[in-house]
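Step one of this worksheet: look at the structure below.
The values are calculated or read from the model by the stated rules, or taken from the named source; none is laboratory data. This structure is a prediction, so every number in the text was calculated from the model and none was measured. Glycine also receives a Cβ, built like all others from the backbone with ideal geometry; neighbour counts cover every protein chain displayed. Keep in mind that these areas ignore ligands, DNA and RNA; they rest on the heavy atoms of the full protein, side chains included. Shrake-Rupley method; radii C 1.70, N 1.55, O 1.52, S 1.80 Å.
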Amino acid sequence: MPWTPPSRPSRRSLLAGAAGAAGAALLTGCTDDRSAASDPVISLERRMREAAVRDSARLLERYDATAAAHPDLAARLAPLRAAVAAHTAALSPAAASSPPSPAASASGGTGAAAPAASGEPVPAQPADALTALADAERSLSEARTVDLAGAPGELARMLASLAACGAVHVYLLTSTPGATP
């Protein structure tokens, strides 16, 4: 028998094989047993959300400590505090299912310095307490603006909105009530 070279596959058979391999890869991807935590984008977003929730919770605690140290400011701070609580809920599905923590009990209306959650005392003077709260809002707003660069799409949009809201809170905390801008 004479020797015959092996036949080469046709383009059609190569394309059909490639399509079959791609289809198998897609099907395998749908049933992959890897956890969502192994996906770097999902774990980055999860870590960023968890950090943002912690930051919002700390800010919420500062609002509570300020309202407790200065009960006369509680009504002015209530809508801002509610917005920060809503931010926490929006960032974390677990936080959305539980109510925000209630304000700490008042310190007897003496205006004495009460410790904030971070361990920093709330200034004894109401104006200074508002300034300290505005500084905390400003810091968080700036940090969220910086975090935008590495955040995935939807989270980046949310962080931008929260940073803008924080900037508005700074304005409201530092402006004189009843004054026209």
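Go through segment 161-179 and count every residue that is among the aliphatic types (A, V, I, L, M) and in contact with a helix residue (DSSP H, G or I) (Cβ under 6 Å, 6 or more places away or on another chain).
Summing the residues that are among the aliphatic types (A, V, I, L, M) and in contact with a helix residue (DSSP H, G or I) (Cβ under 6 Å, 6 or more places away or on another chain) in segment 161-179 gives 5.
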Please tell me if GLY153 is over 28 Å from SER43 (Cα atoms), open to solvent by 40 Å² or more (accessible area, probe 1.4 Å) and modelled with pLDDT under 95.
no
Given the conditions (1) outside any loop (DSSP other than H, G, I, E, B); (2) farther than 25 Å from LEU44 by Cβ; (3) out of contact with any Lys or Arg (no Cβ under 9 Å at 6 or more places or on another chain), and given that ALA132 satisfies all but one, which numbered condition is not satisfied?
(3)
Can you confirm whether LEU162 is open to solvent by less than 60 Å² (accessible area, probe 1.4 Å), modelled with pLDDT of 95 or more and in contact with a His (Cβ under 6 Å, 6 or more places away or on another chain)?
yes
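Residue-wise test of (1) farther than 18 Å from SER175 by Cβ; (2) at pLDDT 95 or above; (3) open to solvent by less than 20 Å² (accessible area, probe 1.4 Å).
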{"residue": "LEU59", "(1), (2), (3)": "yes, yes, yes"}
{"residue": "ASP64", "(1), (2), (3)": "yes, yes, yes"}
{"residue": "LEU80", "(1), (2), (3)": "no, yes, yes"}
{"residue": "ALA83", "(1), (2), (3)": "no, yes, no"}
{"residue": "PRO99", "(1), (2), (3)": "yes, no, no"}
{"residue": "GLY109", "(1), (2), (3)": "yes, no, no"}
{"residue": "ALA117", "(1), (2), (3)": "yes, no, no"}
{"residue": "LEU133", "(1), (2), (3)": "no, yes, yes"}
{"residue": "GLU137", "(1), (2), (3)": "no, yes, yes"}
